[in-house]
Amino acid sequence: MNLYNHPALQFLSDRIRREVIRNLDINDAAHRQDHILEVVNLALELIGRTSLSPSEQACLLAAAFMHDIGCNRDRDTHHILGAFMAARLLGGEDSPFNESEV
């Protein structure tokens, strides 16, 4: 399955999906789209086993999708860099999240 067209990620704008995938495609081989697809599918499995609200489900899916976007900049601090990158991407007008969710 193509990560960009994954049905569970269609709530994110084209811009957000394109930018995340652009970053993933320049990651090391272990942190590219195949890995993210596995994590997104695990998030979907978790959603199926819990009673998360729709907004919590969206947050979980976005986190699964974006969790390694900073790997191409610095592997040791990618979690910090990625948090800033995710906040920038999700802070735009086309974001499905409000400020507190971001």
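Just so it is clear, none of the values below were taken in a lab; they were calculated from the coordinates. Given the structure is predicted, the values throughout are model-derived calculations rather than measurements. Every residue, glycine among them, receives a Cβ derived from its backbone with ideal geometry; neighbour counts consider all protein chains shown.
A few comments on the model shown:
- Near residue 92, once Lys and Arg are set to +1 and Asp and Glu to -1 for all other residues with Cβ below 15 Å from its Cβ, the sum equals -2.
- Max mean-square fluctuation residue, GNM over the chain, Cα-Cα springs under 10 Å, options 76, 14, 68: 76
- Charge tally in the Cβ shell below 13 Å around residue 61, where Lys, Arg are +1 and Asp, Glu are -1, residue 61 excluded: -2
- Residue-span extension gain [residue 83 to residue 39] - 0.36 nm each, minus C-alpha spacing: 14.2 nm
- Residue 4 versus residue 49: modelled label distance in nm, points set 7 Å from Cα along the beta carbon direction: 3.3
- Relative contact order for the chain, counting Cα pairs under 8 Å that sit 6 or more residues apart, in percent: 27
- Correct choice for semi-axes √(5λ) of the Cα gyration tensor in Å that was computed from the model, options (1) 32, 16, 10; (2) 20, 16, 13; (3) 24, 14, 10: (2)
- Mean-square fluctuations from a GNM of the chain, with a 10 angstrom spring cutoff on Cα atoms, peak among 43, 29, 64 at 29.
- Length available on full extension from residue 13 to residue 100: 0.36 nm per residue minus the Cα-Cα distance, which gives 29.5 nm.
- Qualifying trypsin sites (Lys or Arg not before Pro) in the range 31-102, DSSP loop, other Cβ atoms within 10 Å at most 16: 73, 75
- Taking Lys and Arg as +1 and Asp and Glu as -1, the other residues whose beta-carbon sits under 14 Å from that of residue 30 total -3.
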